[in-house]
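**Student:** Pasting in a structure now, in structure tokens, and then I'll have a few things to ask.
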Amino acid sequence: MRRVPLVAAVLAAQFLGLVDGLIVSIGVPAMSADGVLDADDAHWVLNAYSVAFAGLLPLGGKSADLWGRRRVFLTGQALLLTGSLLGALATTPAMLLGARVVQAVGAGISTPAGIAQLADSFPHSRERSRVFGLLTMGGGAGWVSAGLLGGLLVAYLGWPSVFWVNVPICLLAITLALLAFPRRPAGTTSATMDWKGAVLLVAALALFVHTAGQVGRAGPLSLPTLAGATVAALLAVAFAVATRRAREPLIRLALLRRGGVPVAAVLGLALPVGFVSTQFLGSLYLQQVLDLSADHAGYVFLALASMPLLATPLVSAKFQRFGFARSVGAGFALAAAGLGMIVAAVLDGPPLPLVIAGFVCVGVGVTMVYVPLTVASVAGIDEADNGSATSIFSTSHQIGGSIALAVLSSVALAAGGLHSARGLAAGFATAGGLLALAALGALLLLRRLDTTQEDQECQESTTTA
């Protein structure tokens, strides 16, 4: 097995995921002006992707465990490439959102396969933390490229270029995976897939996110809101029942009681809040309220995007000294403080200096959270379950991102609209409050995992000696 091209293949896929998300956000105003996207439902250009992505991550993780990491990763990247081509050629909202769903299917099955292969290839906790730290750097590189190149592409080549840029990156990931992913037999020869569970999970999530996004218009106690929430809850219960009865369940519920999986899943729900709020609401604020051009907004996003590149090496090397609880708690708190700065900028100014300072804090804070939580998601479980465990963690923060986007958009709409300073400030403030709660939760929930990790490292040291 070739470790360098293997890591590079997964990094390329990680880079692609972040490039795609942020570039599309920057292109939303241009898509709306061009009639390819309804301005009132602009958040669906992100949520159509994230809902399907979150719902299919467990399917991808289970597929990687059953049918092999290599096969699933390559299939996912091919679908992501196809979706990008369709998005570049879209002429209607339906075509655009359909393309985003195809992209999500590809990313949803390839992401856990790639991370699981890294977990298999780097079994020791210290080297695994360094490799997972590189994943954050790959995402940070995506942020940098998307913020700057996305603005330039939209300004000078139009919004379809935000999809065309994915093509060479997909081809690179596919080529490296063909060279580096080991050819291994599938984990189970008589594999069956829980397709019913996959459909129920996606349906429950899509309906819940749609309902959350309509609260600002219909009201929290309106009949459509209550009916949507009730049906979504029933679908979630049906998913749990189907999962218990399935011979090869989409998510093995027993994993939710093992190692760091449950804590990482719970805290993973809050992981994307800072990213979603700055990416979506920040793009609207810079372009719609401050009237910056797309390329100038891209320059401002560099303050957010460059932080993971700068902070990841330090976080990867040092977080185990401080432990999971303090590292994750401090990261959430720093990101919450950054959002507070952005609220002050939106309401009182000076706009750009405070926005840039807030972006820096959010970027560093997200990095401080992502690295230890990714390591925690596969701590204390068998290697054969790495694909399922990583998919549970990835699913949790994708679900959190989808819900956060819908809730924050709804809050902003109710407080004045997605194009007003007051509405956007309400969205940023809500995001900051959620992250402050997550900081407290991290301090309470991760203490036991810190103790377990210390005992494991002592055993490894004794065995080596």
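**Student:** Can you tell which of Arg326, Arg321 is more than 25 Å from Leu286 (Cβ to Cβ) and in contact (Cβ under 8 Å) with a residue 12 or more places away in the chain?
**Tutor:** Details: Arg321 fails: in contact (Cβ under 8 Å) with a residue 12 or more places away in the chain.
Answer to the check: Arg326.
**Student:** Could you list, in sequence order, the residues of region 49-80 that are of a type in the set (A, V, I, L, M) and surrounded by fewer than 22 Cβ atoms within 10 Å (Cβ to Cβ)? Steps first, answer last, please.
**Tutor:** Our first condition is that a residue be of a type in the set (A, V, I, L, M); within region 49-80, this holds for 51-52, 54, 56-57, 59, 64, 66, 72, 74, 78-80.
Correct list: Leu66, Leu74, Ala78, Leu79.
**Student:** Is it the case that some residue within region 232-252 is touching a Leu at 6+ places or on another chain (Cβ under 9 Å), under 23 Å from Arg422 (Cβ atoms) and assigned to a loop (DSSP other than H, G, I, E, B)?
**Tutor:** no
**Student:** Taking region 350-366 on its own, how many of its residues are open to solvent by 10 Å² or more (accessible area, probe 1.4 Å) and part of a helix (DSSP H, G or I)?
**Tutor:** Taking region 350-366 first, the residues open to solvent by 10 Å² or more (accessible area, probe 1.4 Å) are 350-354, 356-357, 360-361, 364, 366.
Next cut, part of a helix (DSSP H, G or I) only: 351-354, 356-357, 360-361, 364, 366.
Going through region 350-366 one residue at a time, the tally reaches 10.
**Student:** What are the residues in region 391-436 that are under 24 Å from Leu256 (Cβ atoms) and modelled with pLDDT of 90 or more, if any?
**Tutor:** Selection gives Leu434, Leu435.
**Student:** Now for a separate question. Do we have any residue at all in region 277-290 that's free of Cβ contacts under 8 Å to residues at least 24 places away in the same chain, of a type in the set (Val, Ile, Thr) and surrounded by 15 or more Cβ atoms within 10 Å (Cβ to Cβ)? Show your work before the answer.
**Tutor:** At the first step, the residues of region 277-290 found to be free of Cβ contacts under 8 Å to residues at least 24 places away in the same chain are none.
Within region 277-290 (the criterion being free of Cβ contacts under 8 Å to residues at least 24 places away in the same chain, of a type in the set (Val, Ile, Thr) and surrounded by 15 or more Cβ atoms within 10 Å (Cβ to Cβ)), the answer is no, since none of the residues qualifies.
**Student:** Here's another thing I want to ask about it. Between a first residue in region 235-256 that is at negative phi and open to solvent by 60 Å² or more (accessible area, probe 1.4 Å) and a second residue that is of a type outside the set (Phe, Trp, Tyr) and part of a helix (DSSP H, G or I), which pairs have beta carbons less than 8 Å apart while being 6 or more apart in sequence or on different chains?
**Tutor:** Arg244/Leu253; Arg252/Asp385; Arg252/Ser388; Leu256/Pro262; Leu256/Ala265; Leu256/Ile392
**Student:** Go through the residues of region 304-327 one by one and say whether even a single one is in a helix (DSSP H, G or I), on the phi > 0 side of the Ramachandran plot and surrounded by fewer than 21 Cβ atoms within 10 Å (Cβ to Cβ).
**Tutor:** The first filter runs over region 304-327 and keeps only residues in a helix (DSSP H, G or I), leaving 304-327.
Applying the additional criterion that residues be on the phi > 0 side of the Ramachandran plot yields 323.
Subsequent filtering for residues that are surrounded by fewer than 21 Cβ atoms within 10 Å (Cβ to Cβ) retains 323.
Yes.
**Student:** Can you name every residue in region 130-184 that is at pLDDT 80 or above, buried (at least 24 other Cβ atoms within 10 Å of the Cβ), aromatic (Phe, Trp, Tyr) and assigned to a helix (DSSP H, G or I)?
**Tutor:** Result: Phe163, single match.
**Student:** Then there's this: With the structure loaded, tell me whether Gly340 is open to solvent by less than 20 Å² (accessible area, probe 1.4 Å) and closer than 22 Å to Val276 by Cα or whether it fails that test. If you could, list the steps in order and put the result at the bottom.
**Tutor:** Working: open to solvent by less than 20 Å² (accessible area, probe 1.4 Å): no; closer than 22 Å to Val276 by Cα: yes.
Here the answer is no, as Gly340 does not meet what is asked.
**Student:** Kindly indicate the residue of region 367-381 that is open to solvent by less than 20 Å² (accessible area, probe 1.4 Å) and assigned to a helix (DSSP H, G or I) and also nearest to Gly323 (Cα to Cα) among those meeting that condition.
**Tutor:** We begin by selecting, within region 367-381, every residue open to solvent by less than 20 Å² (accessible area, probe 1.4 Å); these are 367, 369, 371-379.
In the following step, the residues that additionally are assigned to a helix (DSSP H, G or I) were identified as 367, 369, 371-376.
On the way: Thr367: 15, Val369: 12, Val371: 12, Pro372: 8, Leu373: 11, Thr374: 13, Val375: 12, Ala376: 11 Å.
Looking at residues that are open to solvent by less than 20 Å² (accessible area, probe 1.4 Å) and assigned to a helix (DSSP H, G or I), I get Pro372.
**Student:** When you scan region 105-127, do you find a residue that is assigned to a helix (DSSP H, G or I), at pLDDT 85 or above, closer than 19 Å to Pro160 by Cα and open to solvent by 20 Å² or more (accessible area, probe 1.4 Å), even just one?
**Tutor:** No, there is no match, as no residue in region 105-127 is assigned to a helix (DSSP H, G or I), at pLDDT 85 or above, closer than 19 Å to Pro160 by Cα and open to solvent by 20 Å² or more (accessible area, probe 1.4 Å).
**Student:** Report yes if Leu444 is under 15 Å from Gly282 (Cβ atoms), more than 21 Å from the chain's Cα centre (by Cα) and either open to solvent by less than 50 Å² (accessible area, probe 1.4 Å) or aliphatic (A, V, I, L, M) (or both), otherwise no.
**Tutor:** Numbers: under 15 Å from Gly282 (Cβ atoms): no; more than 21 Å from the chain's Cα centre (by Cα): yes; either open to solvent by less than 50 Å² (accessible area, probe 1.4 Å) or aliphatic (A, V, I, L, M) (or both): yes.
Here the answer is no, as Leu444 does not meet what is asked.
The values are calculated or read from the model by the stated rules, or taken from the named source; none is laboratory data. Keep in mind the model is a prediction, meaning the values are calculated, not measured. Reconstructed Cβ throughout: ideal geometry from the backbone, glycine too, with neighbour counts over all protein chains shown. To get the accessible areas, we keep the full protein, side chains included, count just its heavy atoms, and leave off ligands, DNA and RNA. Shrake-Rupley method; radii C 1.70, N 1.55, O 1.52, S 1.80 Å.
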